[in-house]
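The structure under discussion appears below in the form of C-alpha cells.
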Amino acid sequence: MTTTKAPDGPPPPDLTAGVAVDSIPRDGMIVGRVGDKEVLLARTGDRFHAVGAYCTHYHGSLVDGLIVGNTVRCPLHHACFSLETGDALRAPALDPIACWRVERQGDTVFVREKISQPIPAPASASSAHPASIVIVGGGAAGLAAADMLRRDGYEGPLTIISADADPPVDRPNLSKDFLAGEAQDDWIPLWPADLYAERRVDLVLGSPVASIDPAARKVRLENGTERDFGALLIATGADPVRLPIPGADSAPVHYLRSFGDSRAIVARAEKAKHAVVVGASFIGLEVTAALRARGIEVDVVAPEQAPLERVMGAEVGRFVQSLHESHGVRFHLGQTVKSVAERSVALSGGDTLDADFIVMGVGVRPTVAIAEKSGLAIDRGIVVNEFLETSAPGVFAAGDVARFPGKLNLIVTGFAEAATAANHAKRFIDPASRVFPGHSSEKSPIGS
C-alpha cells in the first residue's frame, strides 16, 4: 500500500475538479478536499473510493493507515471502515465515515456528490429473534453490542443496565487525555445523550444488578425492580484489584475505572503537589504521565524490576522507565507498599514517600460475582462457547468478563467480540443462523 499526502503548505487538491488516475498508485490513497471537507480518495485495483479522511473514534488520519481489500484501517487503534459504504466494520469506531460518489472519465477521477448513509432494513419478524434483549454493563462493549443490534436491523426492545452513574464512555481516555486536562467532559461519552432515544436504546444508569435468573428470563436489580429478557448479554467488564494495605481505608486512595473515578482524581490533583502511583503497567503509567502533565510530582511503586516487564519484557521496560524519568518521574521498583497514611506512603524497603493522594493501578479482575451467583460456569471469567454463549442458553457474555476455554484459553475482549455476541444473541433461538459478522460460515473464528 502506498500513501500520498499533499505537501506541507499548499492546500490539498480539489477533488471535484479531478485528479489524474496515475497520481494515485494502486492500493494507495491521497487526501483532497470537497468543498470545506477533507476527503480520502483511495484506489483498490482499478476502482476508486472517496470517504471521510478521519477515523470517527479518535480522529486518526486514515491516509496514514492501511488499505486491506475494500477497507481502510486507522493507524491509531486499527478501526476498520468499508471503502464502499463508509460503515464502521471493526472496533473501536462505532460511527461510519462519509462517502462520496466517484466518477472516472478517461485518465481523470472526479469526486461528485456525497452519498447518504443507508438506513438499516428492519429485521423481519421471526421466531429466531428474541422478543427483547437486555445488556448488563454500561461500558464500551455493551454499547458496541447495542449499536450492532440496531445497525443489523434488530427492532425489538433493547435495554442497557449499568451500575455506573454516567453513560458509556471511552474508558482509555479516562487515564489519558481527560486526566491530563487535555479533553473536555463532553468528549468522553461514546454517544451523545440524544442518540439513545434516536436508536431506541433504554439506558438505565446507577442500577447495579442483584441477580440473573436464566430459566425465568429475568434480571433483578438491587432497587428491587425486574427486567424480562428474551436474550441477555453480560458485558460487566473488570474491576480494579484492591490490595489490603493498612491505612488505605482512611487515606486518600483512588482507583480508576469510571468517569466518576477520573473526575475525583482530577479534583484531588487541582490542589496537590505530590502523588504516589502504585503499579507500573499500562494504567499506572498512563496515570503517571497524565499527572506529570498537570505539574504534579509523581513516585511510582511496583514490585517488578522494570515497568511493563511482565508484558513487554525487561528491555522495553527499561526504555519506558527512562522515558518517564526524563519527564521527572521517580521509580521505586522491586518494592511494595507496606502502609499508607493521610500524607505519606511507607515502602517495604524502608523508605517513606510524601503523597497528597495515591492512585492504585495494580490490575483488574473480571466482574463475575453476579454471574457466579446466578449459576453460570466460571473459570477466571464467564465461560463462553464459540458463539460467546454462556452455560445458560440465551445468555451471552463479551468483553473483559468473558473467557473462551481451550488451547489458548482466550480472554474475549473488546468492541468487536461484543458486536459478535450481539449478532448471536439476536439469532440465538435459531442456532443455524448464527454467523460472525462478515463470515458466511456457521463456524466461529474463535473456535478454529
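The values are calculated or read from the model by the stated rules, or taken from the named source; none is laboratory data. In this text, all values refer to a predicted model and were calculated from it rather than measured experimentally. Note that each Cβ is placed from the backbone with ideal geometry, even for glycine, and that neighbours are counted across all protein chains shown.
Observations on the structure shown:
- Being out of contact with any Asp or Glu (no Cβ under 8 Å at 6 or more places or on another chain) and surrounded by fewer than 19 Cβ atoms within 10 Å (Cβ to Cβ) is a description that applies to Asp166.
- Only one of Phe357, Phe319 that is crowded, with 20+ Cβ neighbours inside 10 Å, over 25 Å from the mean Cα position of the chain (by Cα) and either free of Cβ contacts under 8 Å to residues at least 12 places away in the same chain or within 20 Å of Ile296 (Cβ to Cβ) (or both): Phe357
- When we screen Arg73, Arg43, Arg33 for residues that are within 15 Å of Asp87 (Cα to Cα), among the basic types (Lys, Arg) and buried (at least 17 other Cβ atoms within 10 Å of the Cβ), the only hit is Arg73.
- Counting only residues that are more than 17 Å from Ala346 (Cα to Cα) and either touching a Gly at 6+ places or on another chain (Cβ under 9 Å) or crowded, with 16+ Cβ neighbours inside 10 Å (or both), region 240-253 holds 2 of them.
- The condition of being outside the structural domain of Val300 (by TED's automatic domain parsing) and modelled with pLDDT under 60 holds for only one of Ala418, Ala377, Ala371, that being Ala418.
- Top-ranked residue in region 172-193 [being hydrophobic (A, V, I, L, M, F, W, C) and modelled with pLDDT under 90; ranked as surrounded by the most Cβ atoms within 10 Å (Cβ to Cβ)]: Ala183
- Evaluation of Arg292 against (1) touching a His at 6+ places or on another chain (Cβ under 6 Å); (2) surrounded by 21 or more Cβ atoms within 10 Å (Cβ to Cβ) (one fails), failing number: (2)
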